[in-house]
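Below: the structure, in structure tokens.
What follows draws every value from the coordinates through simple rules; no lab data is involved. All values reported here derive from a predicted model rather than from experimental measurement. Neighbour counts are summed over all protein chains in view; Cβ atoms, including those assigned to glycine, are modelled from backbone coordinates with ideal geometry.
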Amino acid sequence: MPEEGLVGGGRLTERTGEQGSVPKERASRIVMLVDLDSFYASVEEQRHPELRGRPVVICMFSGRTEDSGAVATANYRARALGVKAGMPIPLAKRLVKEGDAVFLPADREHYREVSDRIMEILGEEADALEQVSIDEAYLDVTARTGGLWREAERIASQIKGRIREQEGVTCSIGIGPNKFVAKMATSRQKPDGLTIVREEEVQEFLAPLLVEELHGVGPKTAEALREMGVITAKDLAQVDVQELVGIFGEARGVYLKEIARGIDPSPVAKRERTQFSRIATLKEDTRDEDAIMERMVELGDQLERKLTETNVGFRTLSIILIDTRLRTHTKSETLPHSRSVREKIPIVRRLLQEWLAEQGASLVRRVGVRVSNLSHVGSQRTLTDFG
DNA sequence: AATGATACTCGGC
DNA sequence: TTACGGCCGAGTATCATT
């Protein structure tokens, strides 16, 4: 076992080790982000080995016409041809035409099962696990590594090996002193990457990044920053926090200043589900109340089955409407605790009537139902559970 | 004025 | 030249309550 090159508690040797990266002390926190590479596509390649080497595009077909729908994910071979998640399927087909690309419908139930097994592995390798999505999770490994980066690297390699052995897919892992840096580190090298950014390397790692590359900075924020002459993370780190607060508001202003400096105190904490929704595309655009209601009742029933399975109740009920211009509209109402969506159908109808009255012209393309403000009925209580 | 709840939008995957 | 899913959680403005 190689020596870790510790220098006893906080003694400073002001120089970043050039040959072999020798950290000066134990990190106060080590956080890892594991991101499964083009997950849906990888799972399909795993169970259909004949797909390997070909562009693979996983699609959510809406059923409205032969090819209506959007791309959920694409493997790297397809991405090289310009295919991206969220893209209309017909456009993806045009990009890859005359190639040997394959388009498959997403089988989310199966991906969920594979994901659950992988998350179980991650749970075994971490002090704390925070699942962010079906293909991404943060791990706090501070205690089990004793704050040693080398040990974190060993665990990361072990995780990669276990996932590849057991499920036949690869992942990219970023390691840093907090969640934000771990996330940014992951983006540095994928697929099948492993990137470590130690505390003393954070500033030089972030400095050259463009603000739009920072996790949590979208096009709108990036544009506002650009107008201030803020282009890179280094620029952002030098802006006075009060100026940011003035433009973006308290929470967001402080957040921007902190992430630009690589600071993120948010803990790796188990996430509770906060909402369930079901959404579907209508056969035709319409603003006919009964046609929309018919679909919403179906979706409500699906939702109710889900609530029963998971033993969850709700207080807030929302309807979701997506118009022909793909703009999303919602209406919601908070009610006494309930476990039945069906018995709230009159409320759904009223919300819809209100929306139709407000939105004189728009035609509806997709509709959905959502429940939130959840409470776990059978087991532990939450804040909203007054039972 | 401060706090918490609610309604709604936005954007990531 | 167009083309267009189904989820999720976070953020924020506004309202109600104290």
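General observations
- GluC sites (Glu not before Pro) restricted to segment A:48-129 and DSSP loop, no more than 10 other C-beta within 10 Å: A:E66, A:E98
- Sparse packing (at most 12 other Cβ atoms within 10 Å of the Cβ) combined with a DSSP loop state is found for the following trypsin sites (Lys or Arg not before Pro) in segment A:72-177: A:K97.
- Sum of side-chain charges, A:P219 neighbourhood, beta-carbon under 11 Å (Lys, Arg +1; Asp, Glu -1): 0
- Electrostatic bookkeeping for A:L317 treats Lys and Arg as +1 and Asp and Glu as -1; over the other residues with beta carbon under 10 Å from its beta carbon, the sum is +3.
- Considering only A:G161, A:G229, A:G193, the mean-square fluctuation computed in a Gaussian network model of chain A, springs between alpha carbons under 10 angstrom, is largest for A:G229.
- In segment A:210-297, the GluC sites (Glu not before Pro) that fall in loop regions by DSSP, at most 11 other Cβ within 10 Å: A:E272
- Distant-in-sequence amide H partners of A:S375 (H built 1.01 Å from N, under 5 Å): A:G313, A:F314
- Spatially proximal lysines relative to A:K306 (Cα-Cα < 20 Å; intrachain offsets below 8 disregarded): A:K344
- Dipole magnitude of chain A about its Cα centre (Cβ charges: Lys, Arg +1; Asp, Glu -1), debye to nearest 20: 540 debye
- Enclosed volume per residue, in Å³, of the convex hull spanned by Cα atoms of chain A: 195 Å³
- Normalised by the number of residues in chain A, the mean separation of alpha-carbon contacts (under 8 Å, six or more apart) gives a relative contact order of 13 percent.
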